[in-house]
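Asker: The structure's right below; bear with me while I get my questions together.
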Amino acid sequence: MDVFQTVVVAIVEGLTEFLPVSSTGHMIIAEKLLRIPHDDYTKMFTVAIQLGAILAVVVLYRKKFLQFNNIYFFLKLAAGVIPAMVFGLLFADKIDALLESTLTVAISLLAGGVVLLFIDKMFQNPKIEDEKDLTYGQAISIGVWQCLAMIPGVSRSAASIIGGMQQKLTRSAAAEFSFFLAVPTMLAATGYKLYKHYKISGGFTGEEIKMLAIGNLVAFVVAMLAIKFFIGFLKKYGFRVWGIYRIIVGLLLLGGLYMGLIDP
(Lines give C-alpha, C1' and ligand atoms only; values in the text may rest on other atoms or scores of the structure.)
Protein backbone atom coordinates (compact mmCIF):
# COMPACT_ATOMS: atom_id res chain seq x y z
CA MET A 1 0.00 0.00 0.00
CA ASP A 2 1.27 3.46 -0.85
CA VAL A 3 0.58 6.68 1.06
CA PHE A 4 -2.47 7.61 -1.05
CA GLN A 5 -4.07 4.20 -0.59
CA THR A 6 -3.29 4.29 3.14
CA VAL A 7 -4.92 7.69 3.59
CA VAL A 8 -8.04 6.75 1.62
CA VAL A 9 -8.58 3.51 3.57
CA ALA A 10 -7.97 5.37 6.87
CA ILE A 11 -10.52 8.06 5.94
CA VAL A 12 -13.05 5.33 5.18
CA GLU A 13 -12.29 3.69 8.55
CA GLY A 14 -12.63 6.94 10.49
CA LEU A 15 -15.87 7.89 8.76
CA THR A 16 -17.61 4.54 9.03
CA GLU A 17 -16.33 2.89 12.23
CA PHE A 18 -19.00 4.42 14.45
CA LEU A 19 -21.75 4.76 11.85
CA PRO A 20 -24.15 1.80 11.36
CA VAL A 21 -22.84 1.10 7.85
CA SER A 22 -19.93 -1.33 8.45
CA SER A 23 -16.40 0.06 8.42
CA THR A 24 -14.96 -3.34 7.46
CA GLY A 25 -17.33 -3.64 4.54
CA HIS A 26 -16.48 -0.16 3.29
CA MET A 27 -12.75 -0.75 3.67
CA ILE A 28 -13.05 -3.96 1.65
CA ILE A 29 -14.89 -1.98 -1.05
CA ALA A 30 -12.19 0.72 -0.99
CA GLU A 31 -9.45 -1.88 -1.28
CA LYS A 32 -11.17 -3.53 -4.24
CA LEU A 33 -11.63 -0.18 -6.02
CA LEU A 34 -8.02 0.85 -5.33
CA ARG A 35 -6.76 -2.57 -6.44
CA ILE A 36 -4.98 -3.13 -3.14
CA PRO A 37 -3.81 -6.77 -2.79
CA HIS A 38 -5.78 -8.41 0.02
CA ASP A 39 -2.76 -10.06 1.60
CA ASP A 40 -1.88 -10.68 5.25
CA TYR A 41 -0.49 -7.16 5.68
CA THR A 42 -3.68 -5.55 4.34
CA LYS A 43 -5.84 -7.67 6.65
CA MET A 44 -3.69 -6.60 9.58
CA PHE A 45 -3.71 -2.95 8.50
CA THR A 46 -7.50 -2.69 8.26
CA VAL A 47 -7.79 -3.91 11.85
CA ALA A 48 -4.79 -2.03 13.27
CA ILE A 49 -5.93 1.42 12.12
CA GLN A 50 -8.99 0.97 14.31
CA LEU A 51 -6.64 1.95 17.12
CA GLY A 52 -6.78 5.55 15.89
CA ALA A 53 -10.57 5.45 15.78
CA ILE A 54 -10.95 4.11 19.33
CA LEU A 55 -8.49 6.73 20.59
CA ALA A 56 -11.01 9.30 19.32
CA VAL A 57 -13.63 7.76 21.65
CA VAL A 58 -11.26 7.90 24.62
CA VAL A 59 -10.46 11.57 23.91
CA LEU A 60 -14.08 12.64 23.37
CA TYR A 61 -15.32 10.72 26.42
CA ARG A 62 -12.20 11.21 28.53
CA LYS A 63 -14.24 12.05 31.64
CA LYS A 64 -15.64 8.52 31.52
CA PHE A 65 -12.37 6.75 30.77
CA LEU A 66 -10.26 8.77 33.21
CA GLN A 67 -12.65 8.23 36.13
CA PHE A 68 -10.63 5.35 37.51
CA ASN A 69 -12.66 5.27 40.71
CA ASN A 70 -15.73 4.29 38.67
CA ILE A 71 -14.78 0.62 38.58
CA TYR A 72 -18.30 -0.45 37.57
CA PHE A 73 -17.97 1.33 34.21
CA PHE A 74 -14.86 -0.69 33.35
CA LEU A 75 -16.34 -3.93 34.68
CA LYS A 76 -19.38 -3.52 32.41
CA LEU A 77 -17.10 -2.96 29.42
CA ALA A 78 -15.11 -6.05 30.39
CA ALA A 79 -18.35 -8.07 30.60
CA GLY A 80 -19.51 -6.74 27.22
CA VAL A 81 -16.28 -7.63 25.43
CA ILE A 82 -16.13 -11.26 26.62
CA PRO A 83 -18.41 -12.67 23.84
CA ALA A 84 -16.36 -11.00 21.07
CA MET A 85 -13.09 -12.29 22.51
CA VAL A 86 -14.44 -15.85 22.74
CA PHE A 87 -15.99 -15.87 19.27
CA GLY A 88 -12.98 -14.08 17.78
CA LEU A 89 -10.52 -16.67 19.08
CA LEU A 90 -12.73 -19.60 18.09
CA PHE A 91 -13.48 -18.42 14.55
CA ALA A 92 -10.46 -16.24 13.63
CA ASP A 93 -9.60 -18.18 10.45
CA LYS A 94 -13.18 -18.27 9.20
CA ILE A 95 -13.51 -14.52 9.85
CA ASP A 96 -10.32 -13.87 7.85
CA ALA A 97 -11.74 -15.89 4.96
CA LEU A 98 -14.95 -13.83 4.96
CA LEU A 99 -12.89 -10.64 4.75
CA GLU A 100 -12.09 -11.55 1.14
CA SER A 101 -15.72 -11.82 0.03
CA THR A 102 -17.33 -8.78 -1.60
CA LEU A 103 -20.53 -10.80 -2.04
CA THR A 104 -20.76 -11.33 1.72
CA VAL A 105 -20.40 -7.57 2.24
CA ALA A 106 -23.12 -6.79 -0.33
CA ILE A 107 -25.63 -9.23 1.17
CA SER A 108 -24.88 -8.08 4.72
CA LEU A 109 -25.30 -4.42 3.77
CA LEU A 110 -28.66 -5.16 2.14
CA ALA A 111 -29.97 -7.29 5.00
CA GLY A 112 -28.79 -4.81 7.62
CA GLY A 113 -30.29 -1.95 5.64
CA VAL A 114 -33.72 -3.56 5.66
CA VAL A 115 -33.47 -4.05 9.44
CA LEU A 116 -32.50 -0.40 9.99
CA LEU A 117 -35.56 0.78 8.06
CA PHE A 118 -37.78 -0.60 10.81
CA ILE A 119 -35.56 -0.62 13.89
CA ASP A 120 -36.88 2.65 15.34
CA LYS A 121 -40.39 1.17 15.53
CA MET A 122 -39.25 -2.23 16.80
CA PHE A 123 -37.84 -0.98 20.10
CA GLN A 124 -40.04 1.69 21.60
CA ASN A 125 -40.48 2.96 25.16
CA PRO A 126 -36.82 2.79 26.24
CA LYS A 127 -36.15 2.93 29.98
CA ILE A 128 -32.39 3.36 30.29
CA GLU A 129 -30.83 6.73 29.50
CA ASP A 130 -27.34 6.15 30.91
CA GLU A 131 -24.91 3.24 30.81
CA LYS A 132 -24.59 3.35 34.63
CA ASP A 133 -28.08 1.81 34.86
CA LEU A 134 -27.07 -1.24 32.80
CA THR A 135 -26.72 -4.58 34.54
CA TYR A 136 -23.78 -6.87 33.80
CA GLY A 137 -26.17 -9.31 32.14
CA GLN A 138 -27.39 -6.58 29.79
CA ALA A 139 -23.80 -5.61 28.98
CA ILE A 140 -23.02 -9.24 28.05
CA SER A 141 -26.19 -9.41 25.93
CA ILE A 142 -25.09 -6.33 23.98
CA GLY A 143 -21.68 -7.96 23.58
CA VAL A 144 -23.34 -11.03 22.04
CA TRP A 145 -25.15 -8.79 19.53
CA GLN A 146 -21.82 -7.17 18.72
CA CYS A 147 -20.45 -10.56 17.60
CA LEU A 148 -22.70 -10.38 14.53
CA ALA A 149 -20.29 -7.77 13.20
CA MET A 150 -17.67 -10.47 12.66
CA ILE A 151 -19.53 -11.00 9.38
CA PRO A 152 -18.18 -8.28 7.03
CA GLY A 153 -20.86 -5.77 6.15
CA VAL A 154 -22.98 -6.23 9.28
CA SER A 155 -21.49 -3.25 11.21
CA ARG A 156 -20.22 -3.50 14.78
CA SER A 157 -21.84 -0.16 15.55
CA ALA A 158 -25.25 -1.17 14.20
CA ALA A 159 -25.21 -4.58 15.90
CA SER A 160 -24.26 -3.24 19.32
CA ILE A 161 -26.64 -0.26 19.10
CA ILE A 162 -29.52 -2.57 18.19
CA GLY A 163 -28.44 -4.82 21.05
CA GLY A 164 -28.55 -1.81 23.37
CA MET A 165 -32.01 -0.79 22.19
CA GLN A 166 -33.20 -4.37 22.64
CA GLN A 167 -32.01 -4.02 26.24
CA LYS A 168 -34.20 -0.90 26.67
CA LEU A 169 -31.53 1.78 26.15
CA THR A 170 -32.46 5.00 24.37
CA ARG A 171 -30.97 5.48 20.89
CA SER A 172 -28.32 7.92 22.11
CA ALA A 173 -27.46 5.84 25.21
CA ALA A 174 -27.17 2.70 23.05
CA ALA A 175 -24.92 4.56 20.59
CA GLU A 176 -22.66 5.85 23.36
CA PHE A 177 -22.35 2.44 24.99
CA SER A 178 -21.52 1.05 21.55
CA PHE A 179 -18.67 3.60 21.34
CA PHE A 180 -17.44 2.66 24.82
CA LEU A 181 -17.62 -1.05 24.06
CA ALA A 182 -15.60 -0.49 20.88
CA VAL A 183 -12.55 0.51 22.93
CA PRO A 184 -11.73 -2.84 24.60
CA THR A 185 -13.15 -4.83 21.67
CA MET A 186 -11.01 -3.19 19.01
CA LEU A 187 -8.03 -2.85 21.31
CA ALA A 188 -8.06 -6.63 21.78
CA ALA A 189 -8.58 -7.24 18.03
CA THR A 190 -5.78 -4.82 17.11
CA GLY A 191 -3.37 -6.32 19.64
CA TYR A 192 -4.10 -9.83 18.37
CA LYS A 193 -3.62 -8.85 14.72
CA LEU A 194 -0.36 -6.99 15.42
CA TYR A 195 0.98 -9.92 17.43
CA LYS A 196 -0.04 -12.41 14.74
CA HIS A 197 1.63 -10.34 12.00
CA TYR A 198 4.78 -9.93 14.11
CA LYS A 199 4.92 -13.66 14.80
CA ILE A 200 4.44 -14.65 11.14
CA SER A 201 6.60 -11.94 9.53
CA GLY A 202 9.24 -11.71 12.24
CA GLY A 203 8.65 -8.01 12.82
CA PHE A 204 7.55 -4.81 11.11
CA THR A 205 9.46 -3.02 8.39
CA GLY A 206 10.07 0.72 8.62
CA GLU A 207 7.61 1.26 5.75
CA GLU A 208 4.89 -0.74 7.52
CA ILE A 209 5.36 1.26 10.73
CA LYS A 210 5.16 4.50 8.73
CA MET A 211 1.92 3.47 7.01
CA LEU A 212 0.38 2.31 10.29
CA ALA A 213 1.25 5.65 11.90
CA ILE A 214 -0.27 7.62 9.00
CA GLY A 215 -3.37 5.42 8.93
CA ASN A 216 -4.02 5.69 12.66
CA LEU A 217 -3.53 9.46 12.69
CA VAL A 218 -5.96 9.98 9.79
CA ALA A 219 -8.50 7.55 11.30
CA PHE A 220 -8.29 9.38 14.65
CA VAL A 221 -9.00 12.84 13.20
CA VAL A 222 -11.83 11.67 10.93
CA ALA A 223 -13.43 9.52 13.67
CA MET A 224 -13.53 12.53 16.02
CA LEU A 225 -15.66 14.41 13.50
CA ALA A 226 -17.82 11.39 12.64
CA ILE A 227 -18.72 10.63 16.28
CA LYS A 228 -19.83 14.20 16.98
CA PHE A 229 -21.95 14.21 13.84
CA PHE A 230 -23.55 10.80 14.43
CA ILE A 231 -24.91 11.39 17.94
CA GLY A 232 -26.67 14.62 16.90
CA PHE A 233 -27.99 13.06 13.69
CA LEU A 234 -29.26 9.95 15.48
CA LYS A 235 -31.25 11.93 18.04
CA LYS A 236 -33.04 13.86 15.29
CA TYR A 237 -33.51 11.33 12.49
CA GLY A 238 -33.00 7.80 13.79
CA PHE A 239 -31.75 4.92 11.63
CA ARG A 240 -33.94 5.02 8.52
CA VAL A 241 -31.52 7.12 6.45
CA TRP A 242 -28.69 4.68 7.20
CA GLY A 243 -30.92 1.79 6.17
CA ILE A 244 -31.60 3.42 2.80
CA TYR A 245 -27.89 4.15 2.35
CA ARG A 246 -26.94 0.54 3.09
CA ILE A 247 -29.51 -0.82 0.63
CA ILE A 248 -28.27 1.50 -2.13
CA VAL A 249 -24.62 0.56 -1.54
CA GLY A 250 -25.49 -3.14 -1.33
CA LEU A 251 -27.38 -3.00 -4.65
CA LEU A 252 -24.54 -1.09 -6.31
CA LEU A 253 -22.09 -3.71 -5.10
CA LEU A 254 -24.22 -6.55 -6.44
CA GLY A 255 -24.50 -4.70 -9.75
CA GLY A 256 -20.74 -4.18 -9.87
CA LEU A 257 -20.15 -7.85 -9.15
CA TYR A 258 -22.66 -8.93 -11.82
CA MET A 259 -21.03 -6.73 -14.46
CA GLY A 260 -17.52 -7.76 -13.44
CA LEU A 261 -16.53 -4.23 -12.38
CA ILE A 262 -15.62 -5.35 -8.86
CA ASP A 263 -13.63 -8.42 -7.89
CA PRO A 264 -15.64 -10.95 -5.90
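The values are calculated or read from the model by the stated rules, or taken from the named source; none is laboratory data. Quick caveat, the model's predicted, so the values are computed rather than measured. Don't worry about glycine lacking a Cβ; one is built from the backbone with ideal geometry, like all the others, and counts go over all protein chains shown.
Asker: Restricting to segment 126-161, what's the tally of residues that are surrounded by fewer than 19 Cβ atoms within 10 Å (Cβ to Cβ), hydrophobic (A, V, I, L, M, F, W, C) and in a loop (DSSP other than H, G, I, E, B)?
Answerer: 0
Asker: Exactly one condition in (1) closer than 23 Å to V241 by Cβ; (2) out of contact with any Lys or Arg (no Cβ under 9 Å at 6 or more places or on another chain) is not met by T104; state its number.
Answerer: Unmet for T104, out of (1) closer than 23 Å to V241 by Cβ; (2) out of contact with any Lys or Arg (no Cβ under 9 Å at 6 or more places or on another chain): (1).
Asker: Could you say which residue among G232, G164, G250, G255 is in a helix (DSSP H, G or I) and in contact with a strand residue (DSSP E or B) (Cβ under 9 Å, 6 or more places away or on another chain)?
Answerer: That would be G164, the only listed residue that is in a helix (DSSP H, G or I) and in contact with a strand residue (DSSP E or B) (Cβ under 9 Å, 6 or more places away or on another chain).
Asker: Would you be able to tell me the number of residues in segment 23-63 that are basic (K, R) and crowded, with 23+ Cβ neighbours inside 10 Å?
Answerer: Of the residues in that region, 0 qualify.
Asker: What are the residues in segment 242-256 that are surrounded by fewer than 20 Cβ atoms within 10 Å (Cβ to Cβ), in contact with a helix residue (DSSP H, G or I) (Cβ under 6 Å, 6 or more places away or on another chain) and within 26 Å of Q5 (Cβ to Cβ), if any?
Answerer: The answer is L254, and nothing else.
Asker: Test G260 against the criterion of being without any contact (Cβ under 8 Å) to a residue 12 or more places away in the chain and assigned to a loop (DSSP other than H, G, I, E, B), and give yes or no.
Answerer: Against the criterion (without any contact (Cβ under 8 Å) to a residue 12 or more places away in the chain and assigned to a loop (DSSP other than H, G, I, E, B)), G260 qualifies.
Asker: Taking the residues in segment 64-95 that are of a type in the set (F, W, Y) and without any contact (Cβ under 8 Å) to a residue 40 or more places away in the chain as candidates, determine which candidate is surrounded by the fewest Cβ atoms within 10 Å (Cβ to Cβ).
Answerer: Applying the filter and picking the extreme gives F68.
Asker: Separate question: Consider segment 1-25. How many of its residues are free of Cβ contacts under 8 Å to residues at least 24 places away in the same chain and within 30 Å of K235 (Cβ to Cβ)?
Answerer: Total meeting the criteria: 1.
Asker: Okay, next question. Just one of I200, I119 is modelled with pLDDT under 90, exposed (fewer than 15 other Cβ atoms within 10 Å of the Cβ), touching a helix residue (DSSP H, G or I) at 6+ places or on another chain (Cβ under 8 Å) and part of a helix (DSSP H, G or I); which is it?
Answerer: Sole residue among the options that is modelled with pLDDT under 90, exposed (fewer than 15 other Cβ atoms within 10 Å of the Cβ), touching a helix residue (DSSP H, G or I) at 6+ places or on another chain (Cβ under 8 Å) and part of a helix (DSSP H, G or I): I200.
Asker: Any residue in segment 174-199 that's over 18 Å from D93 (Cβ atoms): show its pairings with residues that are aromatic (F, W, Y) and surrounded by 24 or more Cβ atoms within 10 Å (Cβ to Cβ) at Cβ separation under 7 Å, as long as the two are six or more apart or on different chains.
Answerer: Between residues of segment 174-199 that are over 18 Å from D93 (Cβ atoms) and residues that are aromatic (F, W, Y) and surrounded by 24 or more Cβ atoms within 10 Å (Cβ to Cβ), the close pairs are F179/F18.
Asker: Would segment 70-81 turn up any residue that is of a type in the set (F, W, Y) and farther than 22 Å from G164 by Cβ?
Answerer: There is no residue in segment 70-81 that is of a type in the set (F, W, Y) and farther than 22 Å from G164 by Cβ.
Asker: Another question, then. Can you name the residue in segment 220-241 that is aromatic (F, W, Y) and farther than 11 Å from T16 by Cα and is also surrounded by the fewest Cβ atoms within 10 Å (Cβ to Cβ) among such residues?
Answerer: The extreme case among them is Y237.
Asker: Identify, from the list I49, I107, I119, I95, the residue that is under 19 Å from F177 (Cβ atoms) and of a type in the set (V, I, T).
Answerer: I119
Asker: While we're here: For segment 140-159, enumerate the residues that are of a type outside the set (A, V, I, L, M, F, W, C) and over 12 Å from E17 (Cα atoms).
Answerer: The answer is S141, G143, Q146, P152.
Asker: Condition (residue is under 30 Å from M122 (Cα atoms), among the polar types (S, T, N, Q), surrounded by fewer than 20 Cβ atoms within 10 Å (Cβ to Cβ) and at pLDDT below 90) applied to segment 172-189: is it met by at least one residue?
Answerer: Checking segment 172-189: at least one residue is under 30 Å from M122 (Cα atoms), among the polar types (S, T, N, Q), surrounded by fewer than 20 Cβ atoms within 10 Å (Cβ to Cβ) and at pLDDT below 90.
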